[in-house]
Amino acid sequence: MCSLPNKNLEMMNSNGILIIREKGKTCFELLEEKLYKIGRASSDEIFLSSKGISRTHASIYFSDEKFWLVDGSLKGKTSTNGLFVNDEKISVHQLKSYDVITFHENIQAIFVQCGDEIQLNGSLEKFLTKTFDFLNVKQEEQKKNASNIEEGMGQAQSALRLPQIDDLTGLPNRPAFVSRVQKSLAVKNTLLEDHQFVIFFIDVDRFKMINDSLGHLAGDQFLIQLAERFKACIRPYDMAARLSGDEFAILLDNLESLDEAIIVAKRLQNNISKPLFLGNQEVYPSISIGIASSQLQYQTVEEILRDADTAMYHAKRAGRSRFIVFDESMHQKAKELLQLDGDLRHAIEHQQLQLYYQPIISLGLRHLVGFEALIRWNHPERGLIDSDIFIPIAEETNLIYQIGMWTIQEACRQLANWKQIPAIQIPLSVNVNLSARQLSDTNLVRCVKDLIEKYKIADDELKLEITESIAMENSQQTIKVFNQLRQIGIPLVIDDFGTGYSSLSYLNRFPIDTLKIDRSFVSRVNPNTENTSVSIIHSIIGLAHSLGVKVVAEGIEKEEHMDYLRQARCDYGQGYLFAQPLTAENATAWAERGLDWRWVPI
Ligand code: C2E
Ligand code: MG
Ligand code: MG
């Protein structure tokens, strides 16, 4: 044991004491400097110094009346065998009195912060004796725990740790992740301004499809395998955690720059997208990642997680299977969306929602067959807002149930109205778009039934559209609801067909009336050259007709598109060439006038 200076603790000009025990030998260090490195120099012993250490095992930093212990050097190099405080592996830790630090197997230290009431009175000798006693008791406890585990009594111990671990994947869970990020944030905000870390907010793409098609057990296996891949892509002192369901998060700590995070994100995307097997089924996973960096001066974990989540949402909307780094403009956008959400709540009662109607034309018979109802929001300050902007907000906030029902009701009312106008000679139908959420609305079928009875809508006059990707993602539910709707005389339309990668044979399972070819194919049609769009359109029409399903081509803007589609035996067309979406008043005039299109015979 080292010799003890014969003075009282109060007189010592130090903020903390570290008592180190190595190979039965004990020494202590009064912590007076701001930064200490703990490691090995020339001698074989653990060494605590403010300079001159060749390989840093840990660092102790004093700032703002607090001591911080960091695994490795502050520049981000961690130690090879890790650092433990009170048996917990740590990367950053705010030291408290009587924390027991384990550097190596046989090297332990106990920390005491001066100023804590426990050790202020008495001589240093007395204090150290008390501390050693404490350390001895701790060590005894550790030995006992270790042998308990060996004897198979470790379950109680691991049960204690359960709340920190996700049962399924074995990854840390949300509370564990939050507390770890909290520490990194505290280091940055109180200790080391240059400390940099990033958060990845990860959502598995189309996980629901795997669950629905292969079952929950396969879904679980899928998540377990993904978790393994996450772990394989990060360094030992980073953390991958499962937040909930198919949501994961990663903390990359001690970064030199954001570029390092980008490299990891690319590696992650790459590794994750390798095929994996669930039983005999080969699946191709993909993930969307939102990245938030500590450079944006966050005060709370919630803030940084929120921004990473927002960036992830942008990645999803941009087409999934990608990463996006959060920036301030997204925050601005998110705030605007929040404002819009507030306004949207008043939109229905203040009659700001309006349906526009875009004509659907029979390409063969050359006349109007109906309209697609497209919703607009007449915002008092911002003018006419497109559905693309506010429908996603309404979906997130569940307002879509109300808005969706309003749309169906308004379309039925308008249809009934048109049926009363003698000048409109032709039978008309109206297509209404359904959003994904509405498919899970247990009241949907009953409400639609009530409305068609109320407005005396005949079979096939009201059609409901759902996009291909939504139909495929919720295939079981979609088939169930489609069957119920079909029974009450509502034909169903698959919208934006060709973008959802559904296998053509799968289509057979849906009771559908019409397919709408997505406008991206139509706009790329060049009838003079054989291109992919032409072949795709041909096969869609061929397949649909063989299944007894009609085809609408969306987004016809040029005469050459229309000519080609008529030749390809496409049944119906819709697009700016005929008309933009019209107000109800203009649509009525259109229906009364009939087509003023000059048809060129084929
Ligand atoms: P959608 O159902 O595929 O509707 C067709 C979209 O293409 C409409 O955009 C329409 O204005 C646009 N369009 C039509 N012809 C052309 C053309 O020749 N060229 C181009 N470039 N575009 C054309 P809109 O009205 O902005 O609607 C966008 C999407 O928002 C719709 O896609 C639909 O998925 C959704 N939506 C619209 N109204 C509703 C609604 O009442 N409920 C729900 N759930 N979704 C709606
Ligand atoms: Mg549509
Ligand atoms: Mg469409």
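The values are calculated or read from the model by the stated rules, or taken from the named source; none is laboratory data. Everything quoted here is computed from the prediction, not taken from an experiment. Heads up, the Cβs are rebuilt from the backbone with ideal geometry, glycines too, and the neighbour counts pull from every protein chain shown. Areas reflect the complete protein model, heavy atoms only, side chains present, ligands, DNA and RNA absent. Shrake-Rupley method; radii C 1.70, N 1.55, O 1.52, S 1.80 Å.
Structure above, values below:
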quantity: Single residue of segment 401-443 satisfying the filter (of a type in the set (A, V, I, L, M), surrounded by 16 or more Cβ atoms within 10 Å (Cβ to Cβ) and within 16 Å of Arg593 (Cα to Cα)) that is nearest to ligand 2 (Cβ to nearest atom); calculated: Leu428
quantity: Listing of strands (runs of 3 or more DSSP E) fully contained in segment 280-367 that carry 1 or more residues being modelled with pLDDT of 90 or more and over 23 Å from Phe200 (Cβ atoms); calculated: 353-362
quantity: Segment 193-239: number of residues that are without any contact (Cβ under 8 Å) to a residue 60 or more places away in the chain and aromatic (Phe, Trp, Tyr); calculated: 2
quantity: Residue, most open to solvent (accessible area, probe 1.4 Å), within segment 453-477, restricted to residues that are of a type in the set (A, V, I, L, M) and within 13 Å of ligand 2 (Cβ to nearest atom); calculated: Ile470
quantity: Residue ID - most open to solvent (accessible area, probe 1.4 Å), chosen from residues in segment 348-377 that are small (Gly, Ala, Ser) and more than 13 Å from ligand 1 (Cβ to nearest atom); calculated: Gly364
quantity: Among the residues listed as Phe111, Phe67, the single one being open to solvent by less than 10 Å² (accessible area, probe 1.4 Å), of a type outside the set (D, E, K, R), under 37 Å from the mean Cα position of the chain (by Cα) and modelled with pLDDT of 75 or more; calculated: Phe67
quantity: Within segment 505-517, tally of residues that are within 15 Å of ligand 2 (Cβ to nearest atom), out of contact with any Pro (no Cβ under 7 Å at 6 or more places or on another chain) and open to solvent by 20 Å² or more (accessible area, probe 1.4 Å); calculated: 1
quantity: Residue list for segment 378-396, restricted to those being crowded, with 16+ Cβ neighbours inside 10 Å and over 17 Å from Gln574 (Cβ atoms); calculated: His379, Ile385, Phe390, Ile391, Ile393, Ala394, Glu395
quantity: Complete set of residues in segment 569-580 that are open to solvent by less than 30 Å² (accessible area, probe 1.4 Å) and either outside the structural domain of Leu374 (by TED's automatic domain parsing) or at pLDDT 95 or above (or both); calculated: Cys570, Gly573, Gln574, Gly575
quantity: Residues of segment 378-406 that turn out to be out of contact with any His (no Cβ under 9 Å at 6 or more places or on another chain), within 13 Å of ligand 1 (Cβ to nearest atom) and part of a strand (DSSP E or B), as a count; calculated: 2
quantity: From the options Ile517, Ile488, Ile424, residue that is aliphatic (A, V, I, L, M) and in contact with a Gly (Cβ under 7 Å, 6 or more places away or on another chain); calculated: Ile517
